[in-house]
1. What number of residues within region 28-37 are of a type in the set (D, E, K, R) and touching a strand residue (DSSP E or B) at 6+ places or on another chain (Cβ under 9 Å)?
2. With the requirement that a residue be in contact (Cβ under 8 Å) with a residue 12 or more places away in the chain and outside any strand (DSSP E or B), what does region 314-335 give you?
3. Pick out the one residue from I254, I278, I287 that is touching a residue at least 60 places away in the same chain (Cβ under 8 Å) and either open to solvent by less than 50 Å² (accessible area, probe 1.4 Å) or hydroxyl-bearing (S, T, Y) (or both).
4. Restricting attention to region 61-88, report how many residues are in contact with a Leu (Cβ under 9 Å, 6 or more places away or on another chain) and either among the aromatic types (F, W, Y) or without any contact (Cβ under 8 Å) to a residue 60 or more places away in the chain (or both).
5. I need a count of the residues in region 136-152 that are touching a residue at least 60 places away in the same chain (Cβ under 8 Å), touching a strand residue (DSSP E or B) at 6+ places or on another chain (Cβ under 9 Å) and either among the hydroxyl-bearing types (S, T, Y) or open to solvent by 10 Å² or more (accessible area, probe 1.4 Å) (or both).
6. So T202 clears everything in (1) within 21 Å of the chain's Cα centre (by Cα); (2) at pLDDT 90 or above; (3) β-branched (V, I, T) except one condition, right? Which one?
7. Out of M9, M44, M76, I need the residue that is open to solvent by less than 20 Å² (accessible area, probe 1.4 Å) and either in contact with a helix residue (DSSP H, G or I) (Cβ under 8 Å, 6 or more places away or on another chain) or of a type outside the set (D, E, K, R) (or both). Which one?
Amino acid sequence: MTSEGHRDMEIATHVALLGQQARKASRLLRSSTTGQRNAALMAMAAELSHQRNALLAANERDVARGSAEGLSEALMDRLLLTPARIDAMISGLETVAALPDPVGGIDDLRTQDNGLRIGRMRTPLGVIGIIYESRPNVTVDAAALCLKSGNAVILRGGSEAFESNCAIARFIASGLEKAGLSGHAVQLIETTDRNAVGALITARDHVDVIIPRGGKSLIKRISEDASIPVIKHLEGLCHVFVDRHASLDMAFDIAFNAKCFRYGICGAMETLLVDQDIAHAFLPAMIAKFQDAGVTVRGCDRVQVLADVEPATEEDWWTEYLGPVLSIRIVDDMDAAIEHINHYGSHHTDAIVSDHFGHTQLFMLEVDSSSVMVNAPTCFADGAQYGLGAEIGISTDKLHVRGPVGLEGLTTRKYIVLGDGHVRT
């Protein structure tokens, strides 16, 4: 066997061991109480706070390596940890601890004519594999949500955040053990070898579902190669449509916030659509605002008549920039805007700015996206903003969960039947 073959076997063996440990931990979690899991979350938060200097030092090593390797500005922003971002991670753990526990909840309990009571109980998925890039905070968010919902998790972070993720995983394991739970409930694959991804997404005996977070090529590969169910989103190609009945002052603020809140998030606006009836009154000042902020604007032929912008190509309508670039198109009416969004969009998050009730209702009905917003910027597409505490990701699938994936999205439901000596005749 070649050295490469030996390495592949070692990786497969390592992932299988993590899977066995995770499966055992998931069974223990099923019988744990809400109080035990909340105590573990608080212990994890305390450990992160205590070890923040060590975490910042690990992140500095990742950032220095990323800079030397020429990572894009958007990726560097996702990678960077600051004291404020660590505070947000700690706050996220505390917030998840305070959320209601979905596990064990019974819905739709009803009594049949024969006296049997039938309902549906929330139950954990089991063992979740999460594959992600760049953002070290995903390690904390994933651990928190999986633990609270009674799932064990195996994490495979991107190589660019390796040092940060390893440090966070150590602090999480320490917090779990201090709370009396198994440190194997949250495990990190501590190798940057890409073959670890292949081993994880085919570990059918040990892993129940895969959740990828990252670039289109990563998620496409996982969707095609995984032998385990996948909860995914491919892109965040988000739109804001400014309707002819919009308040232009409101539209001005919403469009700017949707693009410029943070360029690198999946909820950032990538295409602005404007009704032809208000384009002349709205776009010149709007475009100047974007350009003053350093955003490169690309426009359709009609936009180019109104302002000095780069020509937009067909490829621009398909592009998630994740950076300071924006495409703008003037459309004939709302129907044309909806057609554009459903054709070019990624079914992530799209918004309308309008004071017309009928238009907003039709937009919400006809835009086929996991989140549809009225008079609010797309950057609100975030689990914490939705009251979920945190999120694993934003699913653009239609099964088994859609939109920001929080605690309920990490559970399933099973039927329970309550009898009193009933027999079937």
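1. 1
2. D316, W317, W318, T319, E320, Y321, L322, G323, P324, D332, D333, M334, listed by residue number.
3. Exactly one residue qualifies, and that residue is I254.
4. So the count comes out to 4.
5. Count: 1.
6. (1)
7. Result of the check over M9, M44, M76: M44.
Rundown of residues vs (1) under 16 Å from E270 (Cα atoms); (2) open to solvent by 10 Å² or more (accessible area, probe 1.4 Å), yes/no style:
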position: I330; (1), (2): yes, yes
position: A336; (1), (2): no, yes
position: Q385; (1), (2): no, yes
position: I394; (1), (2): no, no
position: D397; (1), (2): no, yes
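The values are calculated or read from the model by the stated rules, or taken from the named source; none is laboratory data. Keep in mind it's a predicted model, so treat the numbers as computed, not measured. Please note: Cβ atoms are built from the backbone with ideal geometry, for glycine as well, and neighbour counts cover all protein chains shown. Areas reflect the complete protein model, heavy atoms only, side chains present, ligands, DNA and RNA absent. Shrake-Rupley method; radii C 1.70, N 1.55, O 1.52, S 1.80 Å.
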